[in-house]
Amino acid sequence: MPQEMTSPALAVLRRVFGYTSFRGQQQEIVEQLVAGADALVLMPTGGGKSLCYQIPALLRQGVGVVVSPLIALMQDQVDALRLAGVRAAFLNSSMDFRSAVDTERRLLNGDLDLIYVAPERLLSDRFIGLLEQLVARRQLALFAIDEAHCVSQWGHDFRPEYIQLSQLHQRFPAVPRIALTATADQLTRQEIITRLRLEDASVFVASFDRPNIRYTIVERDNPRKQLLGFLGAHHGAAGIVYCLSRRKVDETAIWLNSQGVLALPYHAGLSASERQRHQQRFLREDGLVMVATIAFGMGIDKPDVRFVAHLDLPKSVEAYYQETGRAGRDGEASEAWMTYGLNDVVIHRQMIDASVSPPEQKRVERQKLDSMLAYCESAQCRRVLLLNYFGEEAAPCGNCDVCLDPPQLWDGTVAAQKALSAVLRTGQRFGAGHLIDILRGKSTDKVKQFGHDRLPTFGVGTEMDDMAWRSVFRQLLAGGVLEADAMAYGALQLTDSARPILKGEISLKLRRRAARPKGRQARSKPVSGSPRQADESPLVARLRTWRSEKAREQGVPAYVILHDRTLYEIALLLPDSAPALLAVPGIGVAKAERYGQELLEIVAAAD
């Protein structure tokens, strides 16, 4: 759809948010909602989803109601909107009764353009009554359902209350709805459509590619040493380290602080006040590392997260994509790094099998875990595999570990036969560690206890070390030749695919990473068109200092005042007047009025 300068949507984009053009499908989505039609939007983190409902809410009569499960995100978005001159508010459990009543009064009086509401609050009889009053006055502009993948029982962020949001269509059929998510495979997309009654909605799927993120996956050896080596290239940068258990989060955070890395823990075992305090520090301070379980991160709007590290295997490709997507929301070069091992698969399988989920859901979760393992073990470009998973074609990126340091392939048929034979001859009742001891001829107490030192396979694999054999077993798992029985403590068992390999009817190519030359450091490619070269200038430093002072005064994260990219653009464009300042991307009329004189004085002093 052409972007005509007379477009009301473009006028709002420019006046309020300070941008002269829409990105990708944004304008088409905006026009869809303004016309009163429904939409399902799948757009990667940092792709500009919020504008897709914020602008229609400003163009349509009445207030836009945004459903969000995230208290922290509500606060940040409302702060940012208010600074942009938008009448915004939120209603959630963090408010006292008087504040909530005052917000409801403003809502009914027509004093709000946007209101953010938690799903359980929205579905309460009290709030439904407020909505009915607004509809009767024709003052309800739209419903925006953010983080829509929370409706999926197959997904990693399932929230039962989201399923009840289908009531919005039943009670208020004339009010347009937009559901938005950054993560949804085909199964999840269909579930969103069905459960939210969006069968007639237009579906907009943006590219899932995040070209500024470099993906690296390494097999676990010494995870703390590996993590510290990775963090060494990101000294002073904000980042997130994900761990599977609360205990590991606490231990890793303590250890990182002992190594001179300022780190905070975050998990559901901490008190609500402590989680809130740590999250606020992460959002508002520079250079903090958050060590967290997956309880942290959904909706975190911090644009300058430079890395996301995983110390354990995520349970699905969708979870991995969403979690790594929290890096580089500002478009600057960022990294997603992960170390994992065979035991991760066993732990996840145990968690799946021990859950109270119905059999069909468990089957889907196992398939998703298998896909995640296959992704890790593949010799293909990480980005190609990631985008293919979401139904998008791609060419090798040249900016992931596989492209930068291609693994060698070798004929692993004989090694696979030895591994499979060891599994078979031990009754398919043991894990990889024990099987590797047998193959390498280690007479451990356990090996001797079961008489496995007398098996024909004992000592037939001495040509490879433990790490090499672990790689073989992981690849056999990833290829579906073996499966881990979580109920038998990770015992490896043969699948039907093992038979032709054992019989020598097919050959098997396995990956072996080429040794990286000593001292070689692969670096993230710079983002095309990025103004980051201004980052180290004295002017940017002064702008950062000014922004930090304003953020402290107003009690908001620094990026709510101005994004880094806007600071870089000021340093490049050197505006010397109010009209010139309005030409800087990210500065709308309200921010120019509020901060313009100070910004112009800082620029003038730099000459």
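Values quoted throughout were computed directly from the atomic coordinates according to the rules given, and no laboratory measurement underlies them. What you are looking at is a predicted structure, and each value in this text was computed from that prediction instead of being measured. Cβ sites come from the backbone with ideal geometry, for glycine too, and all protein chains shown count toward neighbours.
Observations
- Under 12 Å, Cβ to Cβ, from GLN77 - net charge with Lys/Arg +1 and Asp/Glu -1: -2
- Per-residue Karplus couplings for segment 470-478, computed as 6.51 cos²θ - 1.76 cosθ + 1.60 with θ equal to phi - 60°, are listed in order as 4, 4, 4, 5, 4, 5, 5, 5, 4 Hz, Gly and Pro entered as x.
- Sites GLU161 and ASP102, calculated FRET efficiency, Cβ-Cβ separation with R0 30 Å, nearest 0.05: 0.75
- Cα-based helix-to-principal-axis angle, 125-136 vs the chain, degrees rounded to 10: 50
- Per-residue HN-Hα couplings for segment 249-257 [Karplus 6.51, -1.76, 1.60; θ = phi - 60°; Hz; x = Gly/Pro]: 4, 4, 5, 5, 5, 4, 5, 4, 4
- Relative exposure of SER99, SER166, SER50, SER152, judged by other C-beta atoms within 10 Å (fewest first): SER99, SER166, SER50, SER152
- With 0.36 nm allotted per residue and the present C-alpha distance subtracted, the GLN170-ARG82 stretch has 28.5 nm of extension available.
- In the chain, inverting the average of 1/r over every pair of distinct C-alpha atoms gives 26.4 Å as the Kirkwood radius.
- ³J(HN,Hα) computed for each position of segment 190-207 - Karplus, 6.51 cos²θ - 1.76 cosθ + 1.60, integer Hz, glycine/proline x: 5, 5, 4, 4, 5, 6, 9, 6, 10, 4, 9, 7, 6, 9, 10, 10, 7, 4
- One chain, two ends: ASN388 and ASN222. Fully extended at 0.36 nm per residue, the span grows by 56.6 nm beyond their Cα-Cα distance.
- When both bridge partners sit in the chain, DSSP labels roughly 15% of those beta bridges antiparallel.
- Sorted by Cβ density within 10 Å, fewest first, the residues PHE208, PHE127, PHE97: PHE97, PHE127, PHE208
- Each Lys or Arg adds one and each Asp or Glu subtracts one; over the other residues with Cβ under 13 Å from the Cβ of THR495, this totals -2.
- Unit charges on C-beta of K, R, D, E only; dipole of segment 408-512, Debye: 80
- LYS448-GLU505 FRET efficiency (beta carbon distance; Förster radius 30 Å; 0.05 resolution): 0.30
- In a fully extended conformation the segment linking THR413 and LEU572 would gain 51.4 nm over its present Cα-Cα distance, using 0.36 nm per residue.
- Counting only DSSP H runs of at least 4 residues, each contributing -39500 (n - 2.57), and dividing by the residue count of the chain, the helix-based mean residue ellipticity at 222 nm comes to -12500 deg cm²/dmol.
- Taking Cβ atoms as reference points and 14 Å as the exclusive limit, the residues near HIS278 contribute a net charge of +3, counting Lys and Arg as +1 and Asp and Glu as -1.
- Remark: for residue pairs LYS315/LYS442; LYS302/LYS591; LYS418/LYS442, the C-alpha separation exceeds 21 Å in LYS315/LYS442.
- With neighbour counts taken as other beta-carbon atoms within 10 Å, the residues GLU147, GLU483 rank, fewest first, as GLU483, GLU147.
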